[in-house]
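Below is one structure; the comments refer to it alone.
The values are calculated or read from the model by the stated rules, or taken from the named source; none is laboratory data. Since we're looking at a predicted model, the values are computed, not measured. Using ideal geometry, Cβ is built from the backbone for each residue, glycine included, and neighbour counts are taken over all protein chains shown.
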Amino acid sequence: ETAVFQTPNYHVTQVGNEVSFNCKQTLGHDTMYWYKQDSKKLLKIMFSYNNKQLIVNETVPRRFSPQSSDKAHLNLRIKSVEPEDSAVYLCASSYGGSSGNTLYFGEGSRLIVV
Amino acid sequence: QQKVQQSPESLSVPEGGMASLNCTSSDRNFQYFWWYRQHSGEGPKALMSIFSDGDKKEGRFTAHLNKASLHVSLHIRDSQPSDSALYFCAAADSNYQLIWGSGTKLIIKP
């Protein structure tokens with residue numbers, strides 16, 4: 001049963017546009033994440049965030065930024081998309097504030113940049 | 001070099017057969033291991049975790065961990081078509097930095 005909800009499921013946009021993906025979890029978890037899954041299906045963490053701390057993967061371009069209104073929501077904003085941003089973006093949550101706990105993923109948001 | 005390596009990249013097993021997936025880490029700091037499964041069009045879902053040497057069984061799934069050889073495996077008995085998916089191994093060190101393998105694509109042939 002899905003408890004991490006992502007919107008939109010699919011988005012096509014042009015190079016240079018701004019894009020936002022929304023994520024909400026109903027599990028009561030205190031930590032949320034954004035992952036990028038590329039065409040080879042590799043999973044790369046982009047951000048992890050709890051009420052106290054934002055951890056950014058240093059390889060993430062600065063045009064990406066997380067936005068959180070409360071611990072149940074973590075959105076992803078891409079200021080000016082590039083072709084290499086085409087991927088599936090996966091939101092996840094966990095309890096306990098560390099990657100040592102089981103992650104619960106949403107179904108993903110597929111981005112296609114043309 | 002990738003710290004968590006999975007093999008094989010792809011595996012085809014007849015329905016009802018045994019599927020065996022492997023994962024080797026190159027970092028002795030890894031202490032916690034997970035297996036996740038991802039069906040097409042969905043996000044990964046945790047199958048099971050294993051933190052101690054030996055076997056852990058959950059239904060048709062058995063994970064085996066050998067910390068000395070830095071090897072963890074997943075065995076699926078009586079494989080079903082619904083087991084066809086991408087399987088990820090993930091490992092965490094004591095700082096809980098989660099490192100993912102590149103996945104094994106499992107195909108169960110009816």
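What are the residue pairs meeting all of these: first residue in the stretch B:23-37, first residue farther than 20 Å from residue B:83 by Cβ, second residue buried (at least 21 other Cβ atoms within 10 Å of the Cβ), Cβ atoms under 6 Å, and 6 or more apart or on different chains?
B:25/B:4; B:25/B:91; B:30/B:91; B:32/B:92
Only one residue in A:77, A:110, A:62 is basic (Lys, Arg), free of Cβ contacts under 8 Å to residues at least 60 places away in the same chain and in contact with a Ser or Thr (Cβ under 9 Å, 6 or more places away or on another chain). Which one?
Being basic (Lys, Arg), free of Cβ contacts under 8 Å to residues at least 60 places away in the same chain and in contact with a Ser or Thr (Cβ under 9 Å, 6 or more places away or on another chain) holds for just one of A:77, A:110, A:62, which is A:77.
Among the residues of the stretch A:65-114, which ones are in a loop (DSSP other than H, G, I, E, B), surrounded by 15 or more Cβ atoms within 10 Å (Cβ to Cβ), of a type outside the set (Gly, Ala, Ser) and more than 14 Å from chain B (Cβ to nearest Cβ)?
Correct list: A:71, A:74, A:81.
Quick test for you: out of A:67, A:53, A:37, pick the one residue that is over 23 Å from residue B:86 (Cα atoms) and in contact with a Gly (Cβ under 9 Å, 6 or more places away or on another chain).
Being over 23 Å from residue B:86 (Cα atoms) and in contact with a Gly (Cβ under 9 Å, 6 or more places away or on another chain) holds for just one of A:67, A:53, A:37, which is A:53.
Which condition does residue A:102 not pass, out of (1) within 25 Å of residue B:34 (Cα to Cα); (2) touching a Leu at 6+ places or on another chain (Cβ under 8 Å), if it passes all the others?
Unmet for residue A:102, out of (1) within 25 Å of residue B:34 (Cα to Cα); (2) touching a Leu at 6+ places or on another chain (Cβ under 8 Å): (2).
Given the criteria within 11 Å of chain A (Cβ to nearest Cβ) and farther than 22 Å from residue A:40 by Cβ, does residue B:48 qualify?
It is true that residue B:48 is within 11 Å of chain A (Cβ to nearest Cβ) and farther than 22 Å from residue A:40 by Cβ.
Would it be correct to say that residue B:99 is surrounded by 19 or more Cβ atoms within 10 Å (Cβ to Cβ) and modelled with pLDDT of 95 or more? Step through it out loud before you land on a result.
Details: surrounded by 19 or more Cβ atoms within 10 Å (Cβ to Cβ): yes; modelled with pLDDT of 95 or more: no.
Criteria not met by residue B:99.
Conditions tested, residue by residue: (1) farther than 25 Å from residue B:5 by Cα; (2) of a type in the set (Asp, Glu).
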site	(1), (2)
A:4	yes, no
A:28	yes, no
A:40	no, no
A:54	yes, no
A:58	no, yes
A:67	yes, no
A:88	no, no
A:93	no, no
A:108	no, no
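Checking the structure you have, find out if any residue of the stretch B:12-25 is modelled with pLDDT under 95 and either surrounded by fewer than 21 Cβ atoms within 10 Å (Cβ to Cβ) or within 22 Å of residue A:103 (Cβ to Cβ) (or both).
yes
Kindly indicate which of B:63, B:91, B:19 is in contact (Cβ under 8 Å) with a residue 24 or more places away in the chain, hydrophobic (A, V, I, L, M, F, W, C) and within 11 Å of chain A (Cβ to nearest Cβ).
Values: B:63 fails: within 11 Å of chain A (Cβ to nearest Cβ); B:19 fails: within 11 Å of chain A (Cβ to nearest Cβ).
Of B:63, B:91, B:19, the one residue that is in contact (Cβ under 8 Å) with a residue 24 or more places away in the chain, hydrophobic (A, V, I, L, M, F, W, C) and within 11 Å of chain A (Cβ to nearest Cβ) is B:91.
Please tell me if residue A:24 is at pLDDT below 95 and of a type in the set (Lys, Arg).
Criteria not met by residue A:24.
When you scan the stretch B:72-88, do you find a residue that is buried (at least 21 other Cβ atoms within 10 Å of the Cβ), more than 15 Å from residue B:21 (Cα to Cα) and among the aliphatic types (A, V, I, L, M), even just one?
No, the stretch B:72-88 has no match at all.
Out of B:67, B:57, which single residue is surrounded by 15 or more Cβ atoms within 10 Å (Cβ to Cβ), out of contact with any strand residue (DSSP E or B) (no Cβ under 7 Å at 6 or more places or on another chain) and of a type in the set (Lys, Arg)?
Working: B:57 fails: surrounded by 15 or more Cβ atoms within 10 Å (Cβ to Cβ).
None of the others qualify; the one that does is B:67.
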